[in-house]
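Chemist: Mind looking over this structure? Questions follow.
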Amino acid sequence: MLRCIRLAEGGRGSVSPNPMVGCVIVKDGAVIGEGFHGKFGEAHAEVNAFNSAKEDVAGSDVYVNLEPCSFFGKTPPCTDLLIRKRVRKVYVGMLDPNPKVNGKGVQKLKDAGIEVEAGILEQEARRLNEAFEKFVTKKLPFVALKVAQSLDGKIALLNGKSKYITSHEALVRVHELRSQYDAVLVGAGTVRDDNPELTVRYAEGRSPVRIVLDGALSSSVDSKVFREGRSIVFYSTAVAKNSRVLRSKLQKLEKKGVETYPLRGSSKGRLSIAILMKKIAELGIASVMIEGGAEVFSQFVRSGMADKLHLFVAPKLLGRGKSLADGMELRNLSESIGIDNIAVERNGVDYLFTGYFK
Ligand code: AOF
Ligand code: ZN
C-alpha cells in the first residue's frame, strides 16, 4: 500500500481535480504489475497496472490506495476490469469519497465473489488525497495558508516590507509546495508591495494557477503575476460597474489572457470569501494555497474556510509589524483558533510548522 501511495504521487499536479491513485498487482509473493493515474481524463491506476503486467493476472492480489470506481466517467469502471481479470483479492486504502462511488465499488467486487479488505494505511491514503476529499464532498477547494513570520510573530513590517523574512532553503520549500497546489492566491496589496511571480522556479513541477483577489481592481496590468501561465483576477461588481478607467483595465487584462471574474462585493472592494470559494471550485480548482498578505490571511481565518497551515518561522525578531491574524479580535482565550496534528521540519535556519485548522 505504501508503494501504491508512492506511485500515486506521480500524478501530483496533473490529475487534479481527480485523486492521486497508485495500484500494485501481486501474485505468488511477487509484484507482477504496477501503475498510477497519470493525467486527468486518462486511464485510471488499475488500468495502467494491468497493462504493465507480463504474467497472467487471474488469481492475483490487487492493492490500490483508493476504492476502485464503479461508474462510467471519462473512463469505464475499474471494478468491471478487476472482475473480468478474475483477481482473488483487492486491498483498498480508503473508500472513494466521491458520492458516485463511496462503497459501491467495494460492494460490486464482493458481489462478484472477490475478497476485499479496506482501510489499509487509511490515514496516509486520506492525507494524500485530502484536497480531492474536500472538493468532491463539499464542492469547495481545499485551502492552505502559507505564512512566513519572525519568531515574534510578524509577517511584515508596519510599512508592508516582507521580502524576504525566511531563508533561501525555505523559499525552495515554498516552491515545492506551490507545485502541489492547483492554485495560489494573493491579495492586491501583496501584488503591489512585493510584485511576486508566484511560479515554481526553485523546485521541480508545474506552476500553479495564480489568483489575485483584487476587489477594487487596483493591480497594475504589468504585474509579474500576469506575465505567464494561467492567472485569474476576482474583482467586485460594485467597484467596476460605473468606471470607464476600470473597464479599460479589465480589457487590458483580458487581452493579456488574464481571466477576470466579477464577484458580488462591497463598494470598498471587499469580496465574500464564501462566494469566492464557490466560484474557485466551479472553475475546477480543487486546492489553493493562500500566500498573503495580512488582510487576506485574516479574512480566511475568520471565514473558517482554511483547512491547513504551512507556517515558516525565521529565527529573528521584527518588532512592531503586521501579523497573520491582525484582523481578528477575540474576547476570550477560549475563542482561540486551534491547530491540530502539527509536524515540524527544518529548512535551512527556518522552521516549518504544518498543521490543520480545527
Ligand atoms: C479509480 N482509479 O485511478 C482514479 C479513480 O472521469 P473518470 O472516469 O476519470 O473518473 C473520475 C473519478 O474516478 C474520480 O472522481 C474518482 O471518484 C475516481 N478516481 N478511481 O478507481 C483511479 N483516479
Ligand atoms: Zn477507476
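The values are calculated or read from the model by the stated rules, or taken from the named source; none is laboratory data. None of the values given here were measured: they were computed from a predicted structure. Neighbour counts run over all protein chains shown; Cβ positions are idealised from the backbone, glycine included. The accessibility values were calculated without ligands, DNA or RNA, using every heavy atom of the protein model including side chains. Shrake-Rupley method; radii C 1.70, N 1.55, O 1.52, S 1.80 Å.
Chemist: Mind telling me which of the residues 212, 221 ends up being closer than 16 Å to residue 292 by Cβ, aliphatic (A, V, I, L, M), in the same structural domain as residue 271 (by TED's automatic domain parsing) and touching a helix residue (DSSP H, G or I) at 6+ places or on another chain (Cβ under 6 Å)?
Modeler: None of the other options fit; the residue is 212.
Chemist: Of all strands (runs of 3 or more DSSP E) completely enclosed by segment 51-169, which ones contain at least 3 residues that are more than 27 Å from residue 354 (Cβ to Cβ)? It would help to see each step written out before you state the result.
Modeler: Working: elements: 61-66, 89-94, 115-118, 142-150.
Qualifying strands (runs of 3 or more DSSP E): 61-66, 89-94, 115-118.
Chemist: Can you find even one residue in segment 49-63 that is in contact (Cβ under 8 Å) with a residue 60 or more places away in the chain and under 21 Å from residue 116 (Cβ atoms)?
Modeler: Yes.
Chemist: Can you pull out every residue in segment 98-116 that is open to solvent by 10 Å² or more (accessible area, probe 1.4 Å) and within 14 Å of ligand 2 (Cβ to nearest atom)?
Modeler: 98, 100, 102, 104, 106, 108
Chemist: Restricted to segment 199-228, and to residues that are touching a residue at least 24 places away in the same chain (Cβ under 8 Å) and open to solvent by 70 Å² or more (accessible area, probe 1.4 Å), which residue is farthest from residue 180 (Cα to Cα)?
Modeler: 218
Chemist: Quick check on my filter: what residues within segment 1-50 are part of a helix (DSSP H, G or I), aliphatic (A, V, I, L, M) and touching a Leu at 6+ places or on another chain (Cβ under 9 Å)?
Modeler: Hits for segment 1-50 are 2, 5, 8, 45, 47, 49.
Chemist: Further question: From the list 173, 210, 201, 206, which one is part of a helix (DSSP H, G or I) and either more than 21 Å from the chain's Cα centre (by Cα) or of a type in the set (Lys, Arg) (or both)?
Modeler: Details: 210 fails: part of a helix (DSSP H, G or I); 201 fails: part of a helix (DSSP H, G or I); 206 fails: part of a helix (DSSP H, G or I).
Selected residue: 173, the only one of 173, 210, 201, 206 that is part of a helix (DSSP H, G or I) and either more than 21 Å from the chain's Cα centre (by Cα) or of a type in the set (Lys, Arg) (or both).
Chemist: Here's another thing I want to ask about it. So in segment 5-35, with the set limited to residues that are within 9 Å of ligand 1 (Cβ to nearest atom) and over 19 Å from the mean Cα position of the chain (by Cα), which one is surrounded by the most Cβ atoms within 10 Å (Cβ to Cβ)? Please lay out each step first, then the result.
Modeler: Our first condition is that a residue be within 9 Å of ligand 1 (Cβ to nearest atom); within segment 5-35, this holds for 8, 11, 15, 17-23, 35.
Going one step further and asking which of them are over 19 Å from the mean Cα position of the chain (by Cα), we end up with 23, 35.
Working: 23: 30, 35: 25.
Residue satisfying both the conditions and the ranking: 23.
Chemist: With respect to residue 146, is the statement that it is outside the structural domain of residue 291 (by TED's automatic domain parsing), within 19 Å of residue 286 (Cα to Cα) and not acidic (Asp, Glu) true? Talk me through it step by step, then tell me what you get.
Modeler: Details: outside the structural domain of residue 291 (by TED's automatic domain parsing): no; within 19 Å of residue 286 (Cα to Cα): yes; not acidic (Asp, Glu): yes.
For residue 146, the condition - outside the structural domain of residue 291 (by TED's automatic domain parsing), within 19 Å of residue 286 (Cα to Cα) and not acidic (Asp, Glu) - is not met.
Chemist: Tell me whether segment 82-97 contains one or more residues that are away from ligand 2 (no atom under 12 Å from the Cβ), open to solvent by less than 60 Å² (accessible area, probe 1.4 Å) and of a type in the set (D, E, K, R).
Modeler: yes
Chemist: For segment 54-78, how many residues meet the condition of being buried (at least 19 other Cβ atoms within 10 Å of the Cβ), within 12 Å of ligand 1 (Cβ to nearest atom) and more than 11 Å from residue 44 (Cβ to Cβ)?
Modeler: Within segment 54-78, residues that are buried (at least 19 other Cβ atoms within 10 Å of the Cβ), within 12 Å of ligand 1 (Cβ to nearest atom) and more than 11 Å from residue 44 (Cβ to Cβ) number 4.
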